[in-house]
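Asker: One structure coming up, written as structure tokens, with questions to follow.
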Amino acid sequence: MAFSIKVNGNAHEVDVDGDTPLLWVLRDVLGMTGTKFGCGMALCGACTVHIDGVATRSCITPIDSIGKSQVTTIEAIGATPAGARIQKAWLDHEVVQCGYCQSGQIMSASALLASKPHPTDADIDDAMSGNICRCGTYTRIRQAIKLAAEPNARGG
């Protein structure tokens, strides 16, 4: 079936089955490999993208559910104010270790800041609870989110 989807501000026509997960459309059809495959069951968060600004697990999101929604991937998140702040804070706190989960972590964190510019610890815990980091960089992730939420980080 043919589907028209908008990814990172660009319209794409894809010819896939309706139940094809968005993850595979992004990676295999559109060549956007920044979104990672982790578990395939929405448990690890490596495949997180934004659909209309909401952090969403792309491994279980069928392409036929996207409709006219705007999909944002790690490739474009730095163009958003929250994404730019998060990416800078990630570098400032040297969050990345092996890096595999980081695109999903950044996508979840930037969705959090976009919806709650001054998150509490509970907000951070809630937003990031579905993202697993095998290297255990959780402390640096929390510090980076708090840094990105500081008023002086607004310049991005």
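Asker: Checking SER108 against (1) outside the structural domain of ALA127 (by TED's automatic domain parsing); (2) under 22 Å from ASP123 (Cα atoms), only one condition comes out false. Which one?
Answerer: (1)
Asker: Taking the residues in region 48-57 that are of a type outside the set (A, V, I, L, M) and free of Cβ contacts under 8 Å to residues at least 60 places away in the same chain as candidates, determine which candidate is nearest to ALA84 (Cα to Cα). Lay out the reasoning, then the answer.
Answerer: Residues of region 48-57 of a type outside the set (A, V, I, L, M): 48, 50, 52-53, 56-57.
Remaining after also requiring free of Cβ contacts under 8 Å to residues at least 60 places away in the same chain: 52, 56.
Numbers: ASP52: 18, THR56: 19 Å.
It comes out as ASP52.
Asker: Moving on. Which members of region 89-128 meet the condition of being modelled with pLDDT of 95 or more, of a type in the set (S, T, N, Q) and over 11 Å from the mean Cα position of the chain (by Cα)?
Answerer: Listed by number, the residues that qualify are SER115, THR120.
Residue-wise test of (1) surrounded by 15 or more Cβ atoms within 10 Å (Cβ to Cβ); (2) among the polar types (S, T, N, Q); (3) in contact (Cβ under 8 Å) with a residue 40 or more places away in the chain; (4) assigned to a helix (DSSP H, G or I).
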{"site": "CYS59", "(1), (2), (3), (4)": "yes, no, no, yes"}
{"site": "VAL71", "(1), (2), (3), (4)": "yes, no, yes, no"}
{"site": "GLU75", "(1), (2), (3), (4)": "yes, no, yes, no"}
{"site": "LYS88", "(1), (2), (3), (4)": "yes, no, yes, yes"}
{"site": "LEU91", "(1), (2), (3), (4)": "no, no, no, yes"}
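Asker: Going by what's in this entry, would GLU75 be described as within 29 Å of PHE3 (Cα to Cα) and among the charged types (D, E, K, R)?
Answerer: Working: within 29 Å of PHE3 (Cα to Cα): yes; among the charged types (D, E, K, R): yes.
Against the criterion (within 29 Å of PHE3 (Cα to Cα) and among the charged types (D, E, K, R)), GLU75 qualifies.
Quick grid of which residues meet (1) under 19 Å from GLY130 (Cα atoms); (2) in the same structural domain as CYS135 (by TED's automatic domain parsing); (3) crowded, with 17+ Cβ neighbours inside 10 Å; (4) free of Cβ contacts under 8 Å to residues at least 24 places away in the same chain:
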| residue | (1), (2), (3), (4) |
| --- | --- |
| VAL16 | no, no, yes, no |
| ASP19 | no, no, no, no |
| LEU23 | yes, no, yes, no |
| ARG27 | no, no, yes, yes |
| GLY31 | no, no, no, yes |
| LYS36 | yes, no, yes, no |
| MET41 | yes, no, no, yes |
| ALA46 | yes, no, yes, no |
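Asker: Run ILE5 past the list (1) buried (at least 18 other Cβ atoms within 10 Å of the Cβ); (2) in contact with a Gly (Cβ under 7 Å, 6 or more places away or on another chain); (3) not in a loop (DSSP other than H, G, I, E, B) and report the number of the one that doesn't hold.
Answerer: Only one criterion in (1) buried (at least 18 other Cβ atoms within 10 Å of the Cβ); (2) in contact with a Gly (Cβ under 7 Å, 6 or more places away or on another chain); (3) not in a loop (DSSP other than H, G, I, E, B) is unmet by ILE5, namely (2).
The values are calculated or read from the model by the stated rules, or taken from the named source; none is laboratory data. The model shown is predicted, which means the values in this text are computed figures rather than measured ones. Cβ coordinates were reconstructed from backbone atoms using ideal geometry, including for glycine residues, and neighbour counts include every protein chain displayed.
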